[in-house]
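Student: Below is one structure. I have some questions about it.
The values are calculated or read from the model by the stated rules, or taken from the named source; none is laboratory data. What you are looking at is a predicted structure, and each value in this text was computed from that prediction instead of being measured. Glycine gets a Cβ as well: all are built from the backbone with ideal geometry, and neighbour counts include every protein chain shown. Surface areas here come from the heavy atoms of the whole protein model, side chains and all, with no ligands, DNA or RNA. Shrake-Rupley method; radii C 1.70, N 1.55, O 1.52, S 1.80 Å.
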There are 4 protein chains.
Amino acid sequence: MVYFDSDYMVGAHPLVLKELIDTNNLHTVGYGKDEFTKNAANLILESCGINNGEVHFLVGGTQTNAVVIDRLLDHNDGVIAPETAHINVHEAGAIESNGHKIITLKSFDGKLKSEDISDYIKNFYSDDTNEFMVRPGMVYISFPTELGTIYTKEEIETIYAVCRRYDIPLFIDGARLAYGLASPKCDISLVELAHNCDVFYIGGTKCGALFGEAIVTKRPELFPQFRSLIKLHGATLAKGRLLGIQFSRLFTDDLYHKIGEHGIKMAMKLKDGFVSKGYPLLIDSPTNQQFFVLPNKKIESLKKIASFEIWGAMGEIETPVRFVTDWSTTDDDINTVLENI
Amino acid sequence: MVYFDSDYMVGAHPLVLKELIDTNNLHTVGYGKDEFTKNAANLILESCGINNGEVHFLVGGTQTNAVVIDRLLDHNDGVIAPETAHINVHEAGAIESNGHKIITLKSFDGKLKSEDISDYIKNFYSDDTNEFMVRPGMVYISFPTELGTIYTKEEIETIYAVCRRYDIPLFIDGARLAYGLASPKCDISLVELAHNCDVFYIGGTKCGALFGEAIVTKRPELFPQFRSLIKLHGATLAKGRLLGIQFSRLFTDDLYHKIGEHGIKMAMKLKDGFVSKGYPLLIDSPTNQQFFVLPNKKIESLKKIASFEIWGAMGEIETPVRFVTDWSTTDDDINTVLENI
Amino acid sequence: MVYFDSDYMVGAHPLVLKELIDTNNLHTVGYGKDEFTKNAANLILESCGINNGEVHFLVGGTQTNAVVIDRLLDHNDGVIAPETAHINVHEAGAIESNGHKIITLKSFDGKLKSEDISDYIKNFYSDDTNEFMVRPGMVYISFPTELGTIYTKEEIETIYAVCRRYDIPLFIDGARLAYGLASPKCDISLVELAHNCDVFYIGGTKCGALFGEAIVTKRPELFPQFRSLIKLHGATLAKGRLLGIQFSRLFTDDLYHKIGEHGIKMAMKLKDGFVSKGYPLLIDSPTNQQFFVLPNKKIESLKKIASFEIWGAMGEIETPVRFVTDWSTTDDDINTVLENI
Amino acid sequence: MVYFDSDYMVGAHPLVLKELIDTNNLHTVGYGKDEFTKNAANLILESCGINNGEVHFLVGGTQTNAVVIDRLLDHNDGVIAPETAHINVHEAGAIESNGHKIITLKSFDGKLKSEDISDYIKNFYSDDTNEFMVRPGMVYISFPTELGTIYTKEEIETIYAVCRRYDIPLFIDGARLAYGLASPKCDISLVELAHNCDVFYIGGTKCGALFGEAIVTKRPELFPQFRSLIKLHGATLAKGRLLGIQFSRLFTDDLYHKIGEHGIKMAMKLKDGFVSKGYPLLIDSPTNQQFFVLPNKKIESLKKIASFEIWGAMGEIETPVRFVTDWSTTDDDINTVLENI
């Protein structure tokens, strides 16, 4: 059996795991105040070209989104996001449970259009009764999106310009950031991305770590009392060094980028194989999530040797499916699939 | 000047005010445990044909919506509502501030379609990942809607059947209930409405009271600890009898219905006047909110003698406007407008 | 029967009611944007000697406490209050329901000691692990307290000095403010009180209004987006003018002070009567709540002609009771009681 | 240097780590729906003698407390806990941030007295105004407590009897459960503990795991929609198997108990050493946290070779300190300390 259901089906990248093993018996202080964590923060800030920033390490993505958004929004504020945003669909109402509305705008294959954001905010401020409406207090986008697509550098710059015009923060969810940056269609660097938003996070869970997400901000002044807020959310890891150790390794010897590159290489090989056999793409994704439309009979036979996700409801004759690659996908895995379609 | 901005621009109906004056110097216990409040509850339950129900009196509509929805939803549940719902647009995020997502469905002139509700819930339960999605936990509709329209008896019955099939409550916001029930297009009685939902409220603020909304339920078992929850929301009126006194009067000698009838009579006269002069309707509303499309020049001149609301952004040549009548609108008020168009 | 259970058992002071009657048929805009409300705010700011302040009118006390505290505290902050504070005991957990801990300090007949506040905050900041503790973010006291006592001017000044040293706001709950200011033991004026805290509220419900509390602050910068937050809490009154009309009258011709003086005159007469007959005081209250210890037999006979509150559990032989006077208490009411003890 | 600051200063027990290494490259489904997690749950239920129970695995203790308490309490309910409870002191207001008051009772070296619980609840229900007070909705205790003490079997049975009398759940925080059960003073078994409460958690983070806590309940009906609520709290681990793998090992070959026994053996050796040299105990703890009172000069010299915690503020001459042992403490570590006192 070969596995393409998601990018969190195996443990850690062997080099990351090795660090956890090597450090297992050391004694350190808890809650992320150890040297491994400081080192990881420094390595990340350096990779991002940020001088006076801050990095905070959390365990998972939903938690990270909830804590960051809870910090940035005032009581009456909402977060603008595409209707397909993970925070809007698959986080069990975590944002609302903290009291905040998600203001959904139309999604274009997972992406927001800057003019839609701009129009929404402009309309809001032109409405006399807006004091009884939810104020747009920040913008959330993901890179790559939930549908595998990525924004161009220009698109992010334009969205960020809208945010600055209205003085609201832009937050980028980078749960799969490694695979976005390594995409052949990506024209933005980590440094550029870090400077074209107020805060973003670097996904570890799906990109080589056992678990862990690194919140990076060039504007620590937006995050007062943040360690307390993380604790209040139950998101402080007692043995915080586990996050520091993993991210230190990910940001040493370019490992994070290599992980992204491998995942993308596998994804492109898979995509090319399907396309060359004439299967249509549901979305033309340049990252590690690939969406094909397959005949139901083909799905049935393929399920015997590969696991992957049916994307939405079954169609009558054909149905969209999702295949996800990651750092652990092998050429053999891909070949096994391609030989069976 | 004649006033059509909204239905909360004057004080109380004279007969209601008289009761407040007559009882002013009496001593009673607080927090709605007095005899006036008990009497009002009994009168309302009787009018609704409910034997073992409960009535709770609150001061305002946003508060009422927030408290009822907070009681009915479990942590992870959301409330299905039309995208135009007052709770979604003009209550400053009150529902989300209590931790709940509003699941918005397409609005048809303010109304939900039962099949849309049914489809949404069916899809939710057919999705394998629904444990990480917000569960549809109740349905909210308004009668009349924010756009003046009303549901037919059959429409409400069908929506309620969907709710019962999935065992989730139906809540009807009746901020303007008097004007809905008195509409010439209304084919549902108060008794029928009370039995075709789990809880609804009878609006007082816009229908003759100084303030006040009466929550009515035939299923008190859905509202455990409700008085405590009302207090927790800061929604308990110390001199609770003020609500009891007003609603006792509104539900004596058919006053609530008469108020509705008068408001509707005035609205229909206004509508007929505009229509007969050839002005188009934005929405064909059968209740006390009337929406016309007027040339901007006409709006300008009319503004000198009447106040009313511009509905949305100004158009280049013509613009929708809203006129609202209520129990205090006079024939003279209407004539003044009609003579000037 | 004569009534001493509480100070919210009758309607409005006749002069306040008269204003509501006289204005009943006028048309005004809603939500407190009318001229009556502006006028009331100006009259209050003038009475408080505040130039650039703000006044917001809400319906009830629990609501007012919740909204003010929710505005002033950051996520991880708590409010310091005496263990007997109304917010800690009788508001159904409203403060916690908004996410905030009440940090309770020892109560001395309802009052906080400034050194206890100072010690608590000093200890907090000297604890290495305080980032995982709730930060003291403001101080709440009431004037008069829930036990009828009042702070001296010096006590309030000292508490306020502690607050300023640590840069946290002081909030004074003035639900019964009229009776505090009119007390023979009161050595602080309204102007002095207004300047020795960051925000306080002037109670209307218990001091002559049908309902209503006026939040007064000399520091509007602490209350950004406040009208939106009030709406979010369901605390915006549609016919907001009802609050403006009442407070305009209360702050015209010294009515608010006269109401306080009358209530106090009655309370002192009652107290003197009990004391002269040898009944011990539970607390030596200088305001409109009086606490006596009566033999159970006396309580039993007195209950036949007067209603009042048993204060806590019944004792075996004697039991504390509470009598509350207000603007509506008459000499006859007092005499009836005194003749029966 | 030898380390006694806390029981979360190293990685995982070598046998636990080995399992993580051995399984690292396997593919499994996410979110705890894998076979390792099912196996761990079965092993735990078997150890607890529970037939129809449920186990849920979370990452950390604060998170676990917050999620369990949020599930068990209705809006207006509070949780009874000793004033020294971790949830009351060191969790940054997590419980209140979910809307719930902590009702604190007097702590006796970290423990509640059953009669205090009983008295509190009885008083609550005898108060006429209790509908405006926070209802005691559950009881939280820890085993061992934050001060190292443990309840006797009889004490827990009595507390649980009070809870059943008032039909409210008892929740036991077992962050350090292994060390409690292995204490020479412990007269309750895991099976007995599991049956004398409604829900408890088995601490992994401090007892051999990298991280992880196992919530165990014999009453799954108290936890509807629990997986959704965990997700909403951001507490769902994507690679949930990491928890299953660790707890499977901890509950194989009695490892969890052996870990406890070792930690306790080290703690008793340390305690005996201090006591035999005449140092007084601050608290006579029978578990892995030991509290001594040391002369400040001794503390100063000891700090050169051992790290441990100053317990509270420094005294003038002598000061309480805390030493914590765990599964990783060695005889050499203990000897190093004892040779230096």
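Student: Assuming R0 = 30 Å, what is the FRET efficiency of B:K297 and B:E83, from their Cβ-Cβ distance, to the nearest 0.05?
Tutor: Values: r = 33 Å, r/R0 = 1.09.
The value I calculate is 0.40.
Student: Give me P(r) over the protein assembly as shown, computed from all C-alpha to C-alpha distances, binned every 10 Å, as integer percentages.
Tutor: P(r) for the protein assembly as shown, in whole percents per bin: 2, 8, 15, 20, 20, 16, 11, 6, 2, 0, 0.
Student: To continue, here is another question. Within 10 Å of each Cβ in peptide A:6-16, how many partner chain Cβ atoms are there on average? Round it to a whole number, please.
Tutor: Going residue by residue through A:6-16 and averaging, the value is 5.
Student: Rounded to whole Å, how close does chain B get to the rotation axis onto A by Cβ? Give me the residue too, please?
Tutor: Spelled out, residue of B and its Cβ distance from the axis onto A: B:E96, 2.
Student: In nm, what does the list of distances from D:P280 to its counterparts in the other copies look like, shortest first, when each label sits 7 Å along Cα to Cβ?
Tutor: 3.7, 8.4, 9.1
Student: Right, something else. Would you mind telling me which residue in B:T236, B:T287, B:T145 has the biggest mean-square fluctuation in a Gaussian network model of chain B, where springs connect alpha carbons within a distance under 10 angstrom?
Tutor: Comparing B:T236, B:T287, B:T145 in a Gaussian network model of chain B, the most mobile one is B:T236.
Student: Residues of chain B: accessible area per residue at 1.4 Å, in Å²? Don't jump to the answer; show the numbers that get you there.
Tutor: Values: 11940 Å² over 341 residues.
Ligands and nucleic acids excluded, the figure is 35 Å² per residue.
Student: On to the next question. With unit charges on the beta carbon (Lys/Arg positive, Asp/Glu negative), name the residue among C:H56, C:N76, C:T37 whose Cα is farthest towards the positive pole of the charge dipole of the range C:19-83.
Tutor: Comparing the listed Cα positions along the dipole, C:T37 ranks first.
Student: Run the dipole for the range C:76-201 about the Cα centre, Lys and Arg Cβ at +1, Asp and Glu Cβ at -1, nothing else charged, and hand back the magnitude in debye, nearest 20.
Tutor: Working: 11 positive and 20 negative charges, 45 e Å.
My answer is approximately 220 debye.
Student: What is the distance in Å between the Cα centroid of the range C:1-60 and that of the range B:32-75?
Tutor: 27 Å
Student: Continuing with the same structure: Size of the range B:246-341 along its principal axes in angstrom, Cα-based, largest extent first?
Tutor: 49, 24, 22
Student: Would you mind giving the mean number of other chain beta-carbons within 10 Å of the Cβ of each residue in D:80-93, as a whole number? Walk me through the numbers before you get to the answer.
Tutor: On the way: counts 0, 0, 0, 1, 0, 0, 1, 0, 3, 4, 8, 7, 19, 18.
Counting other chains' Cβ atoms within 10 Å and averaging over D:80-93 gives 4.
Student: Sorted from largest down, give the three principal axis spans of the alpha carbons of the range D:1-105, whole angstrom values.
Tutor: 47, 46, 27
Student: Another question about this same structure. If you build a Gaussian network model of chain D, linking Cα atoms that sit under 10 Å apart, which residue out of D:G315, D:G203, D:G99 swings the most?
Tutor: D:G315
Student: Separate question: Compute the FRET efficiency between D:V191 and D:L15 as 1/(1 + (r/R0)^6), taking r as their Cβ-Cβ distance and R0 = 22 Å, and round to the nearest 0.05.
Tutor: Working: r = 24 Å, r/R0 = 1.07.
Working from the Cβ atoms, E equals 0.40.
Student: Size of the dipole of the range C:142-282 about the Cα centre, Lys and Arg at +1 and Asp and Glu at -1 on the beta carbon, nothing else charged, in debye to 20?
Tutor: Numbers: 18 positive and 15 negative charges, 106 e Å.
With only Lys, Arg, Asp and Glu charged at Cβ, the dipole is about 500 debye.
Student: Then there is this: Using every alpha carbon pair in the range D:191-243, what percent of pairs falls into each 10 Å bin from 0 up to the bin containing the largest distance?
Tutor: In order of increasing distance, the bins hold 21, 46, 32, 1 percent.
Student: Rounded to the nearest 500 deg cm²/dmol, what is the calculated helix-only ellipticity per residue at 222 nm for chain A, with -39500 (n - 2.57) per DSSP H run of length n ≥ 4? Provide the component values of the computation, followed by the final result.
Tutor: Details: 14 runs with 135 residues, N = 341.
Calculated from helices alone, the mean residue ellipticity at 222 nm is -11500 deg cm²/dmol.
Student: Hey, which aspartates and glutamates would be in cross-link range of D:K271, C-alpha to C-alpha under 17 Å, not counting anything within fewer than 8 residues on its own chain?
Tutor: Those aspartates and glutamates meeting the cut-off are D:D5, D:D7, D:E261, D:D284, D:E309, D:D326, D:D331, D:D332, D:D333, D:E339.
Student: A further question on this structure: Is the range C:164-271 best put as rounded, prolate or oblate by its Cα gyration tensor, with a ≥ b ≥ c the root eigenvalues, rounded for a/c under 1.5, and otherwise prolate when a/b is larger than b/c, oblate when not? Could the numbers behind the result be given before it?
Tutor: Numbers: a/c = 2.38, a/b = 1.29, b/c = 1.85.
Cα axes put the range C:164-271 in the oblate bin.
Student: With +1 on each Lys and Arg Cβ and -1 on each Asp and Glu Cβ, how big is the dipole of the protein assembly as shown about its Cα centre, in debye rounded to the nearest 20?
Tutor: Numbers: 132 positive and 184 negative charges, 0 e Å.
For the protein assembly as shown, the charge dipole is close to 0 debye.
Student: What fraction, in whole percent, of alpha-carbon pairs in chain B exceed 38 Å separation?
Tutor: 17 percent
Student: Under 17 Å Cα-Cα from B:K297, which lysines qualify once same-chain neighbours fewer than 8 residues away are excluded?
Tutor: B:K277
Student: Just read off the accessible area of D:H262 with the full protein assembly in place, 1.4 Å probe, to the nearest 10 Å².
Tutor: Here the residue's solvent-accessible area equals roughly 60 Å².
Student: To continue, here is another question. Expressed as cubic angstrom per residue, what is the convex hull volume of the alpha carbon set of the range A:20-61? Kindly include the intermediate steps, with their values, before the conclusion.
Tutor: Numbers: hull volume 4.3 nm³, N = 42.
Value for the range A:20-61: 102 Å³ per residue.
Student: Please turn the phi angles of the range D:44-60 into ³J(HN,Hα) values with the Karplus equation 6.51 cos²θ - 1.76 cosθ + 1.60 (θ = phi - 60°), one per residue in order, whole Hz, x for glycine and proline.
Tutor: Listing the rounded values in order: 5, 4, 5, 4, 8, x, 9, 8, 10, x, 9, 10, 10, 9, 10, 7, x Hz.
Student: Taking the range C:234-341, which GluC sites (Glu not before Pro) meet the DSSP loop condition and have no more than 10 other C-beta atoms within 10 Å? Could you put the intermediate results ahead of the total?
Tutor: On the way: sites: C:E261, C:E300, C:E309, C:E316, C:E318, C:E339; in loops: C:E316, C:E339.
Filter output for the range C:234-341: C:E316, C:E339.
Student: So which GluC sites (Glu not before Pro) in the range D:19-84 are both in a DSSP loop and have at most 16 other Cβ atoms within 10 Å of their Cβ? Working shown, then result.
Tutor: Values: sites: D:E19, D:E35, D:E46, D:E54, D:E83; in loops: D:E83.
Passing both the DSSP loop test and the Cβ count: D:E83.
Student: Can you pull a Stokes-Einstein diffusion coefficient for the range C:145-212 at 20 °C (1.002 mPa s), Rh from Kirkwood over Cα pairs, as a whole number of µm²/s? Each step should come with its number before you reach the end.
Tutor: Values: Rh = 12.6 Å.
Answer from the Stokes-Einstein relation: 171 µm²/s.
Student: Now for a different question. Throw me the Rg/Rh for the range B:131-174, computed over C-alpha atoms with Kirkwood Rh, two decimals. Display every interim value, and only then the final one.
Tutor: Working: Rg = 12.0 Å, Rh = 11.4 Å.
Value, to two decimals: 1.05.
Student: Hey, another quick one. According to the Cα gyration tensor, what semi-axes, each the square root of 5 times an eigenvalue, does the equivalent ellipsoid of the range B:291-331 have, listed from largest to smallest in whole Å? Please list the in-between numbers first.
Tutor: Values: eigenvalues 83, 27, 10 Å².
Each semi-axis is √(5λ); the values are 20, 12, 7 Å.
Student: Among the lysines, which have Cα under 17 Å from the Cα of C:K101 when same-chain residues fewer than 8 positions away are ignored?
Tutor: A:K231, D:K101
Student: Quick one: if the Förster radius is 56 Å, what FRET efficiency do A:S276 and A:E46 give, using the C-beta to C-beta distance and rounding to 0.05? Can you show the working numbers first?
Tutor: On the way: r = 41 Å, r/R0 = 0.74.
Approximately 0.85, to the nearest 0.05.
Student: Please compute, for peptide D:127-137, the average count of beta-carbon atoms on other protein chains lying within 10 Å of each residue's beta-carbon.
Tutor: On the way: counts 3, 2, 4, 3, 11, 15, 8, 11, 4, 0, 1.
Mean number of neighbouring Cβ atoms from other chains: 6.
Student: Starting from the 7 Å offset along Cα-to-Cβ, what nm value, one decimal, do you get for the label separation of B:T152 and D:M1?
Tutor: Distance between the two pseudo-spin positions: 8.0 nm.
Student: Assume the label is 7 Å from Cα along Cα to beta carbon: what separations in nm does D:D187 have to the matching positions in the other copies?
Tutor: Relative to the other copies, D:D187 has label-point distances of 5.9, 7.6, 7.8 nm.
Student: For the range A:60-162, just say rounded, prolate or oblate: build the C-alpha gyration tensor, square-root its eigenvalues into a ≥ b ≥ c, call rounded for a/c under 1.5, and beyond that prolate if a/b exceeds b/c, oblate if not.
Tutor: It is oblate, given that a/c is not under 1.5 and a/b is not larger than b/c.
Student: Now for a separate question. What pairs from A:K33/D:K298; A:K153/A:K258; B:K38/B:K239; C:K206/C:K239 go past 19 Å between their alpha carbons? Provide the component values of the computation, followed by the final result.
Tutor: Values: A:K33/D:K298 27 Å; A:K153/A:K258 21 Å; B:K38/B:K239 14 Å; C:K206/C:K239 21 Å.
Those over the limit are A:K33/D:K298; A:K153/A:K258; C:K206/C:K239.
Student: Can you list the trypsin sites (Lys or Arg not before Pro) in the range C:48-156 that are in a DSSP coil and have 15 or fewer other beta carbons within 10 angstrom?
Tutor: Values: sites: C:R71, C:K101, C:K106, C:K111, C:K113, C:K122, C:K153; in loops: C:K101, C:K106, C:K113.
In loop regions of the range C:48-156 (DSSP not H, G, I, E or B), the sparsely surrounded trypsin sites (Lys or Arg not before Pro) are C:K106.
Student: Let me ask something else about it. Would you mind listing the distances between the C:I21 label point and the same position in each other copy? Use 7 Å along Cα-to-C-beta, nm, one decimal, shortest first.
Tutor: The projected label point of C:I21 is separated from its counterparts by 0.4, 9.0, 9.0 nm.
Student: Now for a separate question. Using only Cα atoms, locate the centre of the range D:152-209 and the centre of the range C:233-311, then give the distance between them in Å, rounded to an integer.
Tutor: Comparing the Cα centres of the range D:152-209 and the range C:233-311, I get a distance of 50 Å.
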